[in-house]
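The values are calculated or read from the model by the stated rules, or taken from the named source; none is laboratory data. Values in this document were obtained by computation on a predicted structure and should not be read as measured data. We place every Cβ from the backbone using ideal geometry, glycine too, and count neighbours over all the protein chains shown. The area values use the complete protein model at the heavy-atom level, side chains included, leaving out ligands, DNA and RNA. Shrake-Rupley method; radii C 1.70, N 1.55, O 1.52, S 1.80 Å.
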Amino acid sequence: LGARPAAAAGGRRARARARRAGAGKRSCPAAGRRRRGGGRGGPAPAPGPTLAGKGALVVGVGGCGPRVARALRALDVSVRGIVREPERSDRLAPAGVPLLPLAALDDELPAADLLIVTLPATPQTDGLLGSSRLKLLPAGSVLVNVGRASIIDEEALHKALVEGSLGAAGIDVW
């Protein structure tokens, strides 16, 4: 190895001076303590809840439902699907997701830690998830609606969130 060019040596010296001056340190001293497991009297808080081991119900296994179900399975979530005609819907059969008829919805809701709705708006689906069905969900469950707004009774959803019976709701329509 030969001698280093002067510019490289100068850069090395500049970096060393910057380190001695404190550059590169976090501006918040508490951040360093948290990284090391300390800070304000104890270790860093435990990570939040995970989806692994939870049960999810995907209502509407049409366009995006199969992709949602496969992603959840990859996260170690037990997934079941609700479809209009389970005998004609083989989209999720390779993923090992059991498909159930819409008539089984009330029986499946009590086991759904995560309810994902991907339904279109039809006369059959309008108002499908009202107060009585939202009450069937386990306490603290999460509802995600990427389908149409008319499927969920907005007042019932708001009431369930305010009362705390529903843990959270993620909706892209209102």
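Among the residues in the range 90-105, are any crowded, with 16+ Cβ neighbours inside 10 Å, at pLDDT 85 or above and of a type in the set (V, I, T)? Checking the range 90-105: not a single residue is crowded, with 16+ Cβ neighbours inside 10 Å, at pLDDT 85 or above and of a type in the set (V, I, T).
Within the range 141-156, if we keep just the residues that are at pLDDT 90 or above and among the β-branched types (V, I, T), the residue that is nearest to I171 (Cα to Cα) turns out to be V144. The residues of the range 131-167 that are out of contact with any strand residue (DSSP E or B) (no Cβ under 8 Å at 6 or more places or on another chain), in a loop (DSSP other than H, G, I, E, B) and of a type outside the set (S, T, Y), listed by number, are K135, L136, P138, R148, G164. Test A71 against the stated conditions and say whether it is free of Cβ contacts under 8 Å to residues at least 12 places away in the same chain, open to solvent by 10 Å² or more (accessible area, probe 1.4 Å) and either aromatic (F, W, Y) or at negative phi (or both). Judged against the criteria, A71 is a match. For the range 112-140, the candidate set comprises residues that are at pLDDT 90 or above and over 13 Å from V59 (Cβ atoms); within that set, the residue that is least open to solvent (accessible area, probe 1.4 Å) is G130. Would you check which residues across the range 141-172 are surrounded by fewer than 17 Cβ atoms within 10 Å (Cβ to Cβ), under 23 Å from G62 (Cα atoms) and within 17 Å of the chain's Cα centre (by Cα) and list them? Answer for the range 141-172, where residues must be surrounded by fewer than 17 Cβ atoms within 10 Å (Cβ to Cβ), under 23 Å from G62 (Cα atoms) and within 17 Å of the chain's Cα centre (by Cα): G170, I171, D172.
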